[in-house]
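These notes are about the structure you will find just below.
Nothing in this text is a laboratory measurement; each read-out follows from the coordinates by a stated rule. Only a predicted model underlies this, so the values are computations on that prediction, with no experimental measurement involved. So basically every Cβ, Gly included, is an ideal-geometry build from the backbone, and we count neighbours across all protein chains shown.
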Amino acid sequence: MTDKGTDSSGVEKRLIKALQIVDENIKNEAAGQPLLFVEAARYRVACMRELSRAKTDLEAWRSQTWLKVKAKLDAEAKETGGGRVVNDQISAVVQRSKEFFSLTDAVADAEARDEFSRLLLEAYRQRMNGLKIMADADSFEFAQAAKEDANRKLSKKAREMYDSRGKFDADE
């Protein structure tokens, strides 16, 4: 994703643009749907991994820094004859760091992209359902047209039969 040099915004834009059904030929749209869904699923997985990596980076940094700050504060307390260092003091020092804010921002950004990717994948599921509905509607319209055509042919044949029958009745 963005922290590893890949262009997630390009993938997002392409997937968002592809959501729109523009082809009147539903078969073409339906044929491309599986590949678009797979691309959206891969994007979702990449965002999930990015979130996991961001959380891991934050926790690793927090743990290492916490231990360093604890050792430093313990040493200072020992030199000055101060009291015991409590965890809240250590956490306060750790959480005031610029790097802490940077890493928590990275986690927040990754969480936002993760949620967006989840919703994007859901939009592709809905697109698939929409294509199915449109295909069913086209099939229904085609069936209706075929039924009407068959009814017209049947009516024409019935008229022809009636008209020819009328001629036979008149001959007798």
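Numbers below:
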| read-out | value |
| --- | --- |
| Additional length obtainable on full extension of the chain from ASP57 to PHE116, 0.36 nm per residue less Cα span | 19.1 nm |
| Sites matching trypsin sites (Lys or Arg not before Pro) across region 83-115 that sit in DSSP coil, with at most 11 neighbouring C-beta atoms within 10 Å | ARG84, ARG96 |
| Computed P(r) (all Cα pairs; region 5-65; 10 Å bins; percent) | 19, 36, 22, 14, 7, 3 |
| Using θ = phi - 60° and Karplus 6.51 cos²θ - 1.76 cosθ + 1.60, couplings along region 149-155 (whole Hz; Gly, Pro as x) | 5, 5, 5, 5, 5, 5, 5 |
| Fewest-first sequence of GLU29, GLU12 by Cβ atoms within 10 Å of each Cβ | GLU12, GLU29 |
| Point-charge dipole on Cβ atoms (K/R +1, D/E -1) for the chain, about Cα centre, debye to 20 | 540 |
| Translational diffusion coefficient (Stokes-Einstein; Kirkwood radius from C-alpha pairs) of the chain at 25 °C, 0.890 mPa s, in µm²/s | 109 |
| Net charge dipole size for region 34-82 [Lys, Arg +1 and Asp, Glu -1 on Cβ; Debye, nearest 20] | 140 |
